[in-house]
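To keep things clear, I will list the structure first and then write my remarks on it.
The values are calculated or read from the model by the stated rules, or taken from the named source; none is laboratory data. Everything numeric here is computed off the predicted structure, so don't read it as measured data. Please note: Cβ atoms are built from the backbone with ideal geometry, for glycine as well, and neighbour counts cover all protein chains shown. Protein only, heavy atoms only, side chains kept; ligands, DNA and RNA dropped before computing areas. Shrake-Rupley method; radii C 1.70, N 1.55, O 1.52, S 1.80 Å.
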Amino acid sequence: MMNGWILTGSIATGKSTVASLLRLYGYTIISADEVAHKLLKENSLEIEKMFGTSERKKLRGIIFNNSQKREQLEQFLHPKIKKFIMNESEKLEQYNLPYFLDIPLFFEKNNYPDFDKVVVVYTPKNIQIQRLAKRDNISENEAIKLINLQIDIEEKKKGATYVLDNSEDLKHLQKEVEKFIKKIKLN
């Protein structure tokens, strides 16, 4: 996929904010989370049979505390998510314009070998912990547990084609996105 960029990061690094900014600049974003929410609704009966609920918050509690259940849900959903994303990407390729796949677990799942351009939204771990604790109204220890479910942001940064620094305020992040857009327009 020549025109697709993976947009990734870690929880509370600002990936969703970057996706929103890119949308404002007119870029198409395919969000794995949005696809997952859609598929959760479409497959709610099957998911309820597997987990006793299809309600997202309850499901999150179940899979957060049980790695086997998390794996079971991922094995059910991820192939469906990938199929949807790949179908949409094939449609977008015909326009020969950059587009973005917002995939939070890109490095964890290594499930999209057709894409070799990766932009990582980076925030140092200490800021990530603070933002997550504040955003989700949880303790720093709970935030650390959630963050540790993903590959460390420093490792993701090493695997990036491009890194967007989100260690400051929104104005700084906007400038980072603008620099990035200029770079991809030149290529």
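The criterion of at least 3 residues that are hydrophobic (A, V, I, L, M, F, W, C) is met, among helices (runs of 4 or more DSSP H) falling completely within segment 115-187, by 125-136, 140-147, 170-186. Against the numbered list (1) within 16 Å of the chain's Cα centre (by Cα); (2) modelled with pLDDT of 95 or more; (3) open to solvent by 50 Å² or more (accessible area, probe 1.4 Å), residue 149 comes up short only at (2).
Residue 162: within 30 Å of residue 40 (Cα to Cα) and within 17 Å of the chain's Cα centre (by Cα), yes or no? Against the criterion (within 30 Å of residue 40 (Cα to Cα) and within 17 Å of the chain's Cα centre (by Cα)), residue 162 does not qualify.
Here is a yes/no grid of residues against (1) at pLDDT below 95; (2) closer than 30 Å to residue 165 by Cβ; (3) more than 16 Å from the chain's Cα centre (by Cα); (4) surrounded by 14 or more Cβ atoms within 10 Å (Cβ to Cβ):
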position	(1), (2), (3), (4)
2	yes, yes, yes, no
24	no, yes, yes, no
30	no, yes, no, yes
59	yes, no, yes, yes
62	yes, no, yes, yes
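Filter segment 87-106 for residues that are in a helix (DSSP H, G or I) and open to solvent by less than 100 Å² (accessible area, probe 1.4 Å) and give the result. Of everything in segment 87-106, those that are in a helix (DSSP H, G or I) and open to solvent by less than 100 Å² (accessible area, probe 1.4 Å) turn out to be 87, 88, 89, 92, 93, 106. Filter segment 125-143 down to the residues that are loosely packed, with under 13 Cβ neighbours inside 10 Å and either on the phi > 0 side of the Ramachandran plot or of a type outside the set (D, E, K, R) (or both) and list them by number. Hits for segment 125-143 are 126, 137, 139, 141. List the residue pairs whose Cβ atoms are under 8 Å apart, where the first residue sits in segment 160-187 and is touching a residue at least 60 places away in the same chain (Cβ under 8 Å), the second is of a type in the set (S, T, N, Q) and outside any strand (DSSP E or B), and the two are 6 or more positions apart or on different chains. From segment 160-187, the pairs are 166/13; 166/17; 166/123; 170/17; 173/17; 173/166.
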